[in-house]
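Shown next, in structure tokens, is the structure this report addresses.
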Amino acid sequence: MQLLAIALVLAQAAPPAAPLPQPAPAPAPTGPVVALEVAQGRTALGTITIVLNQEKAPVSVRNFLSYVRSGHYDGTVFHRIMPSFMIQGGGFTPELEEKPTQAPIRNEARNGLRNSRGAVAMARTTASDSATSQFFINLKDNHMLDFGISGAGYAVFGQVIEGMDVVDRIAAVPTTSRGPHQSVPQVAVVIRKAREVETAAPVAAPQPAEPTQP
């Protein structure tokens, strides 16, 4: 099971949540753009649009796109939700069965991209080069996850440019424990479809709504 090895400890040690800052305005996309259509039960939550940085994270971007193009993410869930920290998905069905993956990839956390609010990074085990399909979206500036601060770090490869309001709604859903899994949504939050977006012109930076507090 892919996981953020230090996530639970950090969440337990964190002070009471303060109002979340909005992400800095994102630059116009310079790489591929992917849209995640998300729903909870029969309710559509909206679309999360991510620009991928293939210049600074070529291995991670190539890996992520291969899963998108194969349909791997369709029907997977955000299986781990930790308010004021991150949401994680890309590896499990709604029944929490782990999907088969490709071989692990090299950790690109040295690329200078930071785990700031709205940044998308590869999830991994305690082994540095163990990321496969799972990813997480930072809910706040989590710079302790950057290379050199928490050891090998967690490789950022993309940025949410539209749909942080959807991310914040996901972060606010009630969670529970299911077997060995903790912080699981009580009602599954499903990626209905992950698709590449054809963009003839740069996508403007979003004007995100006020985040929902847990």
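Looking only at segment 34-72, count how many residues are in a loop (DSSP other than H, G, I, E, B) and either more than 21 Å from Leu113 (Cβ to Cβ) or aliphatic (A, V, I, L, M) (or both).
5
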- request: Of all residues in segment 127-153, count the ones that are at pLDDT 95 or above, part of a loop (DSSP other than H, G, I, E, B) and not hydrophobic (A, V, I, L, M, F, W, C).
  value: 11
field: Filter result for Gly90 (in contact (Cβ under 8 Å) with a residue 12 or more places away in the chain, of a type outside the set (A, V, I, L, M) and under 21 Å from Val173 (Cα atoms))
entry: yes
statement: Given the conditions (1) within 19 Å of Gly31 (Cβ to Cβ); (2) at pLDDT below 95; (3) crowded, with 19+ Cβ neighbours inside 10 Å, every one holds for Ala121 apart from (2)
- prompt: How many of the residues making up segment 176-198 are part of a loop (DSSP other than H, G, I, E, B) and among the acidic types (Asp, Glu)?
  reply: 1
field: Number of the exception - Ala121 against (1) assigned to a loop (DSSP other than H, G, I, E, B); (2) within 11 Å of the chain's Cα centre (by Cα)
entry: (1)
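The values are calculated or read from the model by the stated rules, or taken from the named source; none is laboratory data. Bear in mind the structure is a predicted one, so any value in this text is a computation, not a measurement. Neighbour counts are summed over all protein chains in view; Cβ atoms, including those assigned to glycine, are modelled from backbone coordinates with ideal geometry.
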